[in-house]
Structures are given as structure tokens and as C-alpha cells.
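Shown next, in C-alpha cells, is the structure this report addresses.
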Protein chains: 2
Amino acid sequence: MSVDAKTVKALRDKTGAGMMDCKKALGETGGDMEKAIVYLREKGIASASKKSGRATREGRIISYIHPGNKLGVLLEISCETDFVAKGEQFIEFTQDIAMHIAAAAPSYLTQEEIPAEVLEQERSIYRTQALNDGKPEKIVDKIVEGRINKYAAEVCLLDQPFVKDDKIKISDFVKNGIATFGENISIARFARFKLGE
Amino acid sequence: MSVDAKTVKALRDKTGAGMMDCKKALGETGGDMEKAIVYLREKGIASASKKSGRATREGRIISYIHPGNKLGVLLEISCETDFVAKGEQFIEFTQDIAMHIAAAAPSYLTQEEIPAEVLEQERSIYRTQALNDGKPEKIVDKIVEGRINKYAAEVCLLDQPFVKDDKIKISDFVKNGIATFGENISIARFARFKLGE
């Protein structure tokens, strides 16, 4: 099969293997990137350590350590240019988000990240609570969905009210950032460690 | 059933609920801590936000951000007393480990954390490599196990050679720390973010 140059380039970036090897690997594996990586490694051409790939986006990795060193946050914010990433106002913007995470303790970035079994358990608890409170069966579903939304707003970073201005959500704060900096900006990922948790 | 005081105390710490409520919850759920938490929440006595529990260990959360803000590490090191956690020498010790993680890019803390399917794929690749190299079938298993150990030393923090002194492994560096500080010390967890990875 013929393999397009863009895919070959992507495989080269991921594995560090030569162009001809990458072309052959993609040809042998029907153009499947993951299989092509395995193929190159089996041939001894690519090594495991290059698997993670080269970074392509711009942005900023920052941390916030709360005084006393019992609580810390690591955060990746993506933007489009290094120029924006290095600007003083952008640095402040990312620090505000890091401090928010330290204070508001989100468990997930988005609602989509909440595992199905966690949602299931929350639903079941809210249902039992509502029935225990004597709510009529026919409105229980509505109550449960309302509480699930409230739960999501508590545990998902993008849905949380911003600690420095609780009239807006973090998703709005990011949208404001996009307008201010004139680039697409997104929260890529975060980690929050509290001692012994 | 009768419930021991220690379990009741643990449930109180986790939920913030009163002693009698905790006793009742454990009685109703056969002493199962997780079920007792769900029971208390269904009764509206405990809230979701207290679920994560109180921190009990001492230690230190620290970060290392590589100049340029394209790479960062968040790290939790446990020890037994706050006195040790705040000592200058311990702070240096934790910073050495954070910088090691930034440089050596481990994927896991211990070999036990490597997912079974990852090990499976590595084994299969090494087997094919060895057979491609014309190694006789009867020694292939030994070669594969040797390479798996080498792989673990590359991707597991505790098995990696320490970047500041590659004659010892990180697990040895931690053991040295235990001797130096006279307390049990362990690496609890870490996160390493590289921009766009």
C-alpha cells in the first residue's frame, strides 16, 4: 500500500527511525501507527524509550506548592505559540489556575473523565437519599440528575466556580484567556497531591 | 455484630460522622468500611467531599520545574515526623529525587505498577527480536527475561540508576536516606509532565 508522507513523518518523530524504515513498517502494517512502532521495535530499529514521542504543542508546565509543603499541584496549560507561553500575563493566568486547583481540589478535568462506576454509585446514593426523604418516586429521577450536576460541578475542574471570582466557572476563565491572548488555550492535565491522601 | 473501636475511629476520621452513627453503620454493613461510608451518605449523615479521608502520615510535597517551563515533576515523599520533613538535609534529599525524575523520566514507581498488557507486549517484542537475531529457541526465554529486567530498570523509578551517582539505584538512595534520617522514608507517588506528551 502507499503511505502518505505525513504519517511517515509522524512515525519518524515517534521512533527516531529512518524514512525508508518507517515507510516499510507502515506498508507492512496497513498504515497502523501503533503496529508500525511494534514492527520497528521487533526489527531492533526503534527502542522502547522513544515511544512516548516528541512534544509538538506549545504551552507551560507550572507548579504551585502550598506553604508548608503538604499540598502541591502540577499543571499543563497548552497554547499555540512560545511567545504567548512566555508572557507575564499568561504566567499569571496559569498560576491562578494552579492555585484554584490547590484550593478547590477537583478530581477530574471534565465530566467525561468521571468513571461510569463512580457516577453509578453517586446516582444510587442520591436515589436512596431522595426516597429516604420521602420524595415521590415520579420526581426522584429529576432530583437525582440535579444532584449529579451539582456533584460534577464539585469534582470537575472545568465546571468548578473559580475561587478568585465565583461568578464564573473555570471553563469561562479559560474562554476569557482565549479572548485575551488571541490563541487557543486549554488545560491539558493536572495532578494534585495532598500529603498522605 | 460487635464492631471494634479502631474501625469506628477510622470511619469517623473518614466521614466526620458521630460515633453512634459510625457504630450503627458498621453494624448494618458487617463491618465493611466502604459499604459503611455509602450507608452514612445514603442516610445523609456523611457527605461525598469527606470521603477522601484525613492525612495521617508526615512528609513533603515538592516540585521541580525545569528552566523554560516545558517539563515539571510533582513528588510526595513520606517520613515519620514533621521534624525530619522540615529539615534542610531532607529537603535537599527530596529535591535530588525530583530532579532525577525530571532527567530519567520513569513511567512507574515500582515493577508491580507496570500493567500486565505492557509487560506482555514487551515480552512478545523481545521474543521476536531474539528469534529474528537467530538465537536458538532454548535460550530465548532467558534472553527475554534478561531484557524485561533491563526494561524495568529503565522505566521504574526505584530500579533506575540515580542520575547523580549511577553506581547506586534510587531504591538504594532511599535506603541511605532511611539510615541518615533514622526514620522510615518512602517515595509515595510522583507525576512528571512534559509539554505536549
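Before moving on, here are some points about what is shown:
- Residue within segment A:175-188 that is of a type in the set (A, V, I, L, M, F, W, C), within 11 Å of another protein chain (Cβ to nearest Cβ) and touching a residue at least 60 places away in the same chain (Cβ under 8 Å) present: yes
- Within segment A:179-197, the only residue that satisfies the criterion of being touching a strand residue (DSSP E or B) at 6+ places or on another chain (Cβ under 9 Å) and in a helix (DSSP H, G or I) is A:Phe181.
- Pairs with Cβ under 9 Å, 6+ apart, first in segment A:2-20 and outside any helix (DSSP H, G or I), second loosely packed, with under 12 Cβ neighbours inside 10 Å: none
- Leading residue by the ranking (nearest to A:Tyr108 (Cα to Cα)) among those in segment B:49-67 that are modelled with pLDDT of 95 or more and more than 7 Å from every other protein chain (Cβ to nearest Cβ): B:Tyr64
- Cβ-Cβ under 7 Å pairs, at least 6 apart or on other chains, segment B:116-129 side facing chain A (nearest Cβ under 8 Å), far side of a type in the set (Ser, Thr, Tyr): B:Glu122/B:Tyr151
- Number of the exception - A:Glu154 against (1) closer than 30 Å to B:Phe190 by Cα; (2) part of a loop (DSSP other than H, G, I, E, B): (2)
- Selection status of B:Ile125, over 30 Å from A:Ile77 (Cβ atoms) and open to solvent by 40 Å² or more (accessible area, probe 1.4 Å): no
- Considering only residues in segment B:69-102 that are open to solvent by 40 Å² or more (accessible area, probe 1.4 Å) and under 17 Å from A:Leu74 (Cα atoms), the one that is nearest to the other protein chains (Cβ to nearest Cβ) turns out to be B:Lys70.
- Inter-residue pairs, beta-carbon under 8 Å, first closer than 14 Å to B:Lys169 by Cβ and in segment B:92-110, second among the aliphatic types (A, V, I, L, M) and open to solvent by 30 Å² or more (accessible area, probe 1.4 Å), 6+ apart: B:His100/B:Val163; B:Ala104/B:Val163; B:Leu109/B:Leu158; B:Thr110/B:Leu158
The values are calculated or read from the model by the stated rules, or taken from the named source; none is laboratory data. Everything numeric here is computed off the predicted structure, so don't read it as measured data. Positions of Cβ are backbone-derived with ideal geometry, glycine not excepted, and every protein chain shown enters the neighbour counts. What goes into the accessible areas is simple: the full protein's heavy atoms, side chains included, and nothing from ligands, DNA or RNA. Shrake-Rupley method; radii C 1.70, N 1.55, O 1.52, S 1.80 Å.
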